[in-house]
Amino acid sequence: MKASFHRHRRLRTTAGMRKLVRETELRASDFIYPIFAIEGENIKSEVPSMPGVYQLSLDRLNEELEEVASLGIQSVIVFGVPEHKDAVGSEAYHDHGIVQKAIAKIKEDFPELVVVADTCLCEYTDHGHCGLVENGEILNDESLALLAKTAVSQARAGADIIAPSNMMDGFVAAIREALDEEGFTNVPIMSYAVKYASAFYGPFRDAAGSSPQFGDRKTYQMDYANRLEAIREAKSDVEEGADFLIVKPTLSYLDIVRDVKNEFDLPVVGYNVSGEYSIVKAGGQNGWIDEKALVLEMLTSMKRAGCDLIITYFAKDAAKWIAE
Ligand code: PBG
């Protein structure tokens with residue numbers, strides 16, 4: 001027979017052949033694992049909507065981090081669950097706030113782990129918004145000073161990377177300036193540059209207790225229908241001095257990941273968010289899907305789309321499965 005068509009299947013004949021031509025490979029070091037640190041003692045409390053994810057008091061952090069480190073995961077992102085909240089989110093920038101204490105402890109016990117600090121106010125404000133509120137409006141410029149203060153206190157506690165997530169305009173510039181003034185010129189900013197207002201954040205708000213008490217986040221987080229806006233958002237963060245660009249969520253936004261990857265030359269980070277985790281966990285627990293296969297497929301697709309790094313609640317599971 002004449003070779004009038006292409007035999008693509010030649011490169012798929014055996015496992016060895018397929019491995020030889022595989023274009024994308026996941027590594028445990030691609031993952032950043034989220035940690036929820038909570039005030040109190042001897043607390044390891046599973047988040048109901050996120051099986052396998054825990055709020056941990058400082059004295060219970062090490063067992064989790066030992067597992068993380070032993071799996072070859074080299075970075076964590078830390079969120080704080082404070083005891084007290086107020087209108088101005090004081091606990092976010094208190095030098096002995098829960099997140100500052102957690103960062104200091106992790107750096108003391110696991111100096112090699114790269115510790116990323118999520119820099120936001122919503123876990124610390126009683127209204128649950130990411131900035132200051134006046135007459136129902138989320139204030140932009142007035143919130144920047146508090147965010148910068150939070151970043152500096154986290155850097156002082158030992159954070160290796162500052163990750164501002166509150167979506168106020170100018171937050172990268174404000175934080176860069178404050179960090180530099182305090183001598184933290186070498187602390188990079190991993191900006192939540194492209195963050196959509198998303199129903200995929202639901203379970204996280206259980207984990208961090210950060211649901212907005214009125215309204216929603218649509219005046220500061222982006223409309224999921226928009227694509228060009230992602231480029232505008234990322235561009236301004238690059239100009240303001242961001243060192244990494246986060247796209248969030250990831251799974252429904254792989255087109256945006258690719259756009260950002262093609263447009264800019266900074267490392268791109270996908271945040272595989274809580275809702276993306278919970279739906280897969282639920283499907284797996286019900287026996288409706290093959291969790292392991294699905295997780296590896298999802299994470300590989302994120303890397304293929306352009307994620308250099310992935311913040312994911314699946315980090316431990318995936319690292320185990322990759323090593324098998
Ligand atoms: C704080 C913040 C949120 C997430 C990370 N940082 C929640 C939000 O914007 O409401 C969500 C992460 C997740 O869903 O896993 N602003």
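Just so you know, all these numbers are worked out from the coordinates, no wet-lab data involved. Since this is a predicted model, take the numbers as computed values, not measurements. Neighbour counts run over all protein chains shown; Cβ positions are idealised from the backbone, glycine included.
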Can you check what the net charge comes to around CYS122, using other residues whose Cβ is under 11 Å from the Cβ of CYS122 (Lys, Arg +1; Asp, Glu -1)?
-> 0
Hey, got the dipole for the range 24-323? About the Cα centre, +1 on K and R Cβ, -1 on D and E Cβ, debye to the nearest 20?
-> 780 debye
Taking a crude spin-label model, label points 7 Å out from Cα along the C-beta direction, the HIS96 to ARG12 distance in nm is 6.2 nm
For the chain: relative contact order, % (alpha-carbon pairs under 8 angstrom, 6 or more apart) | 18 percent
Where Lys and Arg each count +1 and Asp and Glu each count -1, what net charge lies around GLY275 among other residues with Cβ under 12 Å from its Cβ?
-> +1
Charge sum, other residues only, whose C-beta stays under 14 Å from ALA197's C-beta, Lys/Arg counted +1 and Asp/Glu -1 | +1
In whole angstrom, the spacing between the Cα centers of the range 5-43 and the range 52-97 equals 26 Å
10 Å binning of all Cα-Cα separations within the chain, expressed as whole percents from 0 upward | 6, 26, 36, 22, 6, 3, 1, 0
What residues have an amide H closer than 5 Å to that of TYR196, excluding those fewer than 5 places away on the same chain, when H is modeled at 1.01 Å from N in the peptide plane?
-> MET222, LYS248
Provide the per-residue ³J(HN,Hα) series for the range 26-33, in order, calculated from phi with Karplus coefficients 6.51, -1.76, 1.60 and θ = phi - 60°, each as a whole number of Hz, with x at glycine and proline positions.
-> 7, 10, 4, 6, 7, 9, 10, 9
What FRET efficiency do you get for GLU67 and LEU139 if R0 is 51 Å and r is their Cβ-Cβ distance, rounded to the nearest 0.05?
-> 0.80
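Taking the highest mean first, how do the peptides 22-29, 172-179 order by number of other beta carbon atoms within 10 angstrom per residue?
Numbers: 22-29: 12.2, 172-179: 21.4.
Going by the mean number of other Cβ atoms within 10 Å, highest first, we get 172-179, 22-29.
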Could you give the distance between the Cα centres of the range 178-195 and the range 277-316, to the whole Å?
-> 29 Å
For the range 24-323, what proportion of DSSP beta bridges, expressed in % and rounded to the nearest 5, is antiparallel?
-> 15 percent
